[in-house]
Structures are given as C-alpha cells and as structure tokens.
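S.K.: Sharing a structure with you now.
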Amino acid sequence: GYEEVDNEEVKSDYILKDHLCGLCTGSERDAVLFFIQDQDHEIEQQRKMFFQIVEKANINIVTCGDCGLVVFHQIEREGDICCPHCSLESDSSDFPDFYC
C-alpha cells in the first residue's frame, strides 16, 4: 500500500497512476509501485554520481539556458559563462545545473 513508500513525490505519482488506472488489479498496482520506486532509486544514483564528479573535478556540468546543450565550467569562477555551442554569454542563473 501507500504506507510502504517514504518519498512523498513517489507516493503522489503512485496515487495518480492508481486513479488513472482504476481497472488495475492489485498485482498491476504493485508492479506500478515497484517501477516508480526503482525509477526513483535510479535517479537518486545518477544524482549521487553527478555530485561526485563535480566534487572531484571541481567542474560543474550545466545546460545552456538558450540552446539546452551541456556546458562545463570551473566551480567558483568569476564572471559570466559562455556557451561554446550558441555563444550565449550570461551569469550562472541562465545555466541551470543538471541535478539541483
């Protein structure tokens, strides 16, 4: 049941899918819950690896707010970031981190 899920976002996803799938059997609902929990775990693993890379390399991985492509930049650098793909030059607020 829902009480098995600790993550509120995952729980609400499960409840939403449960309502959308009113004809689901108990085993189908269990399969949906397992899938969501597994997916959440995989995403959390990606976040952990991302932060390990950033910490060890002292390089942040962001996306360009204009073209959406990946841009690397030194952490704690001063000045604007320039996208090598589309030449957008702006402050870090226009270059969101991957996993924040």
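S.K.: Of these, ILE36, ILE81, ILE75, which one is at pLDDT 75 or above and surrounded by 12 or more Cβ atoms within 10 Å (Cβ to Cβ)?
M.R.: Answer to the check: ILE81.
S.K.: Hey, another quick one. Looking only at region 85-95, count how many residues are in a loop (DSSP other than H, G, I, E, B) and exposed (fewer than 12 other Cβ atoms within 10 Å of the Cβ).
M.R.: Of the residues in region 85-95, 2 are in a loop (DSSP other than H, G, I, E, B) and exposed (fewer than 12 other Cβ atoms within 10 Å of the Cβ).
S.K.: Among what's in region 81-100 and is of a type outside the set (Gly, Ala, Ser) and without any contact (Cβ under 8 Å) to a residue 12 or more places away in the chain, pick the residue that is farthest from GLU44 (Cα to Cα). Steps first, please.
M.R.: Start the filter on region 81-100 by keeping residues that are of a type outside the set (Gly, Ala, Ser), which leaves 81-86, 88-89, 91, 94-100.
Cutting the leftovers down to without any contact (Cβ under 8 Å) to a residue 12 or more places away in the chain gives us 82, 89, 91, 100.
Working: CYS82: 29, GLU89: 31, ASP91: 28, CYS100: 11 Å.
Selected residue: GLU89.
The values are calculated or read from the model by the stated rules, or taken from the named source; none is laboratory data. Small disclaimer: the values here were computed from a predicted structure and weren't measured. Heads up, the Cβs are rebuilt from the backbone with ideal geometry, glycines too, and the neighbour counts pull from every protein chain shown.
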